[in-house]
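Data block below; observations after.
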Amino acid sequence: MTQPQRPQPPRPSVPPRPQPQTRQGDEPVAGALFGGAVAALVAAGVWALVTKATNTEYGMLAWGVGLLVGVVMAAMTPARSATLGVYAALLAMLGLATGKVLTLKIMSGSAHEVVLEHEETLAQAFLMDMRDRETFSPEVNQRLVALAEDTVPDALYATMQVEAQARMDAAPAAERERVAKQAVTMVMGSLSLPDQFMATLSLFDLLWFFLAIGTAWKIMRSE
């Protein structure tokens with residue numbers, strides 16, 4: 001007689017090894033950050049070259065800095081996140097600051113031409129030059145030396161303006177250019193680089209900067 005078989009206990013099943021899931025935010029982004037930094041510097045250089053070639057600063061090119069940063073980073077990684085958006089915005093700011101400083105240096109190199117075009121400004125530059133070099137008339141120089149403070153009386157200052165105007169009218173072109181360049185160098189030298197940066201910012205610059213930073217952030221923030 002066949003005995004009934006005993007039911008076998010179920011064998012414990014081994015769960016399959018979980019496969020690591022690649023999340024979108026975990027993809028390597030170092031290359032994209034490097035590419036964004038290079039794009040920011042290249043765009044800043046192009047902005048400066050256009051300024052040098054045209055002797056005009058086009059603030060609209062600042063928008064292109066942020067756009068290029070975002071496009072290059074987006075092309076180098078499919079990852080999108082708020083963190084990447086912040087990185088893109090920071091790289092855009094790097095490019096904007098670099099481009100603005102370069103254009104500032106270029107424009108300051110030709111700023112003396114603006115002084116030469118304005119007679120009143122040039123006359124003031126001659127006045128500053130004559131005071132530094134003590135080339136006023138002997139009477140004016142003596143009165144300036146005798147001053148107990150830096151404030152010049154109105155009557156004396158009026159005489160200085162007359163002599164500076166006369167010197168400017170008789171000056172050859174080379175002398176005018178020297179005085180204009182010296183005045184620009186003196187003014188720029190009295191300001192730190194951040195002060196120069198802030199002094200040259202306009203409302204339109206701020207608008208283009210905002211658009212540039214926002215564009216770079218939005219491209220890398222989401223699909």
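The values are calculated or read from the model by the stated rules, or taken from the named source; none is laboratory data. Note that the structure is a prediction, hence the values are computed from the model and not measured. All Cβ positions, glycine included, derive from the backbone under ideal geometry; neighbour counts span all protein chains shown. For the accessible areas, the whole protein counts, side chains as well, though only heavy atoms, and no ligand, DNA or RNA atoms are used. Shrake-Rupley method; radii C 1.70, N 1.55, O 1.52, S 1.80 Å.
Within the range 61-116, the set of residues being within 26 Å of Leu33 (Cβ to Cβ) and not in a helix (DSSP H, G or I) comprises Thr77, Pro78, Ala79, Arg80, Ser81. Condition first: under 31 Å from the mean Cα position of the chain (by Cα) and assigned to a loop (DSSP other than H, G, I, E, B). Can you find one or more residues in the range 149-165 that meet it? No, the range 149-165 has no match at all.
Does Phe126 satisfy the condition of being outside any helix (DSSP H, G or I), more than 20 Å from Ala39 (Cα to Cα) and open to solvent by less than 80 Å² (accessible area, probe 1.4 Å)? The answer is no for Phe126.
Considering the range 132-146, the residues that are of a type outside the set (Val, Ile, Thr), open to solvent by 50 Å² or more (accessible area, probe 1.4 Å) and over 41 Å from the mean Cα position of the chain (by Cα) include one that is modelled with the lowest pLDDT, namely Ala146. For Ala125, the criteria (1) farther than 21 Å from Asn55 by Cα; (2) at pLDDT below 90; (3) among the aliphatic types (A, V, I, L, M); (4) under 30 Å from the mean Cα position of the chain (by Cα) hold in every case but one, which is (2). Looking across the range 156-196, just one residue is modelled with pLDDT under 90, small (Gly, Ala, Ser) and more than 23 Å from Glu113 (Cβ to Cβ), and that is Ser192.
Beta carbons closer than 6 Å, at least 6 apart along the sequence or on distinct chains, pair a first residue in the range 63-86 that is under 10 Å from Met220 (Cα atoms) with a second that is in a helix (DSSP H, G or I) and of a type in the set (S, T, N, Q) for Gly70/Thr215; Ala79/Gln24. Candidates in the range 200-223 are the residues that are assigned to a helix (DSSP H, G or I) and of a type in the set (Gly, Ala, Ser); of these, the one that is nearest to Val65 (Cα to Cα) is Ala212. Residues in the range 38-62 that are free of Cβ contacts under 8 Å to residues at least 12 places away in the same chain and not small (Gly, Ala, Ser): Leu49, Val50, Thr54, Thr56, Tyr58.
Within the range 96-125, residues that are within 22 Å of Trp208 (Cβ to Cβ) have Cβ atoms under 7 Å from residues that are in a helix (DSSP H, G or I) and among the charged types (D, E, K, R) in these pairs: Ile106/Lys52, counting only partners at least 6 apart in sequence or on another chain. Of all residues in the range 44-53, those satisfying the criterion of being over 12 Å from the mean Cα position of the chain (by Cα) and either within 22 Å of Ala88 (Cα to Cα) or open to solvent by 60 Å² or more (accessible area, probe 1.4 Å) (or both) are Val46, Leu49, Lys52, Ala53.
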